[in-house]
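Worksheet: one structure, shown below.
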Amino acid sequence: MNRPPLPPTDDELHAWVDGQLPPERREAVEDALARDPAVAARVAAWHAQRDALRRLHGGLLDEPVPAPLMGVLERRRAEAGRSAPWLRWGGMAAGLLVAFAAGWLGNAQWSGAPHAAGASLARAPAVREFVRDASVAHVVYTPEKRHPVEVAAAEQQHLVQWLSKRLDHPLKVPDLSSLGYTLVGGRLLPGETGARAQFMFEDAAGERITLYIGTLDAQAADAAASRETAFRFASDGAVPSFYWVDRGFGYAVAGRLPRDALLRLATLAYRELS
Amino acid sequence: MDARLLVEHIPSLRRYARALTGNAWAADDLVQDTLERACGKWRLWVVGTDLRAWLFTVMHNLFASQVRRRPPPHAVVPLDDVAPEQLQGGVDPGLGLDLQRCLMQLPEEQRAVLLLVTLEDLSYAEVAKVLGIPTGTVMSRLSRARLRLQELMDGAAAPNRPGLRRLK
């Protein structure tokens, strides 16, 4: 025989209404609700109140954002561009680096120089680890026929919300359809520095590529390299990938594709995400 | 700063601000101020932390300083501001008016807790962080807010509601 659980506190009744009650206390609350009509009535009233509040201005959630509010963002962007020319220079520099990487890929005789440029980044253990994890995750999950992803593309909104919550970072799924790739879905994976997300895409021929995302803890030693980088190409893993770091977040696009095709995908993903 | 990150949070900021201020214009002003502030103080957002919670923190701080600057004599919802079509279909518009009016009679700090928990599904700990108060205070304010709102609504549901509707 189990001992009857401790009766729930008021705070626990609120938590039950708000879906925040720890599972191990659920039984105690349900027991109290069944046993005590006064408690049941109180909780029912809170539920009704909660529903009414959520309906009250719920229509605003589906309304388009009013122009004046969008205007704030546009204006700020324009101001940032005027007052901080280095931002534009930064953007151009990133563009040049991408162009440079593309040029390098087309010119085998240059292959030595970028390698040296990438060396300091490659030395950063967190980044190296990240790229290796991306490659491993690609190799493990892309051959899956029945369960390539945890959440399928049909539930894209849920997928994005879920992974954003788990990574504690607002995520987006880049639209790669202009290059013939559509979303298969995504999954959550463990990483050295916390949760990682993998989005899988597929083209008409069934060729799969993955976008691997996660936070890179800027450890003191490689802080600079972990904060921001331009595109880098990694070919030493199980599958090649292009990767970059943006505001402490690492991104890797991996696939068994020629380098220029992979670069085009990575460039598009980068543009869609930034 | 990527403005697109902010855009997806605007609808929920608007809903919260509307319920908090009870006034469509004041609400969108508050959202606008929040966005301005967020853009200006973008660097204060710690990358990797919850952007939504940070935005609500920014909004709360602005709202709190507005309230401090000019305390409303008594919270009143101008009825013209709550057009029936702004209320959800299937809900008695009168009920929506009552609910918003009763909400406005709660002290601001209770209203904020109740709305953050109810509308935004923030955990009690997150609400505590947004409002800069201990979790225990969140719980006591939530409890008082629910009780008081219930009493107010029960009173408002009484058959006589003189002065609630203004004829134009």
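The values are calculated or read from the model by the stated rules, or taken from the named source; none is laboratory data. Just so it is clear, the model here is predicted, and its values are computed rather than measured. Cβ atoms come from the backbone with ideal geometry, glycine included; neighbour counts cover every protein chain shown. Remember, those area values only see protein heavy atoms, side chains included, never the ligands or the DNA or RNA. Shrake-Rupley method; radii C 1.70, N 1.55, O 1.52, S 1.80 Å.
Need one value for B:115-125: mean number of C-beta atoms belonging to other chains within 10 Å of its residues' C-beta atoms.
Taking the mean over all residues of the peptide, I get 4.
Pull up all non-local amide H partners of A:Arg256: gap of 5 or more, or a different chain, and H-to-H distance under 5 Å with H placed in the peptide plane.
none
Give me the net charge of A:Tyr141's neighbourhood, meaning all other residues with Cβ under 14 Å from the Cβ of A:Tyr141; Lys, Arg count +1, Asp, Glu -1.
Summing Lys/Arg as +1 and Asp/Glu as -1 gives +2.
Rank these residues by their accessible area, most exposed first, probe 1.4 Å: A:Arg271, B:Arg111.
I get A:Arg271, B:Arg111, largest accessible area first.
Cβ under 13 Å from A:Gly185's Cβ, A:Gly185 left aside: what net charge do those residues give with Lys, Arg +1 and Asp, Glu -1?
Local charge sum for A:Gly185: -1.
Enumerate the calculated ³J(HN,Hα) couplings along the range A:35-52 in order (Karplus 6.51 cos²θ - 1.76 cosθ + 1.60, θ = phi - 60°), each rounded to whole Hz, writing x wherever the residue is Gly or Pro.
With the stated coefficients, the range A:35-52 comes to 8, 10, x, 5, 5, 4, 5, 4, 5, 4, 5, 5, 4, 4, 5, 4, 4, 5 Hz.
Count, for each residue of A:57-68, the Cβ atoms from other chains sitting within 10 Å of its Cβ, then give me the mean as a whole number.
6
Express in nm, to one decimal, how much length is gained between A:Ala152 and A:Gln20 on full extension, taking 0.36 nm for each residue of separation and deducting their alpha carbon distance.
Gain in length upon complete extension: 44.8 nm.
At 0.36 nm per residue, and after removing the present C-alpha to C-alpha distance, how many nm does the segment from A:Ala44 to A:Asp31 gain when stretched out fully?
In short, 3.2 nm is gained.
For A:Ser164, what charge total do you get from the other residues with a beta carbon under 11 Å from its beta carbon, if Lys and Arg give +1 and Asp and Glu give -1?
With Lys, Arg at +1 and Asp, Glu at -1, the net is +1.
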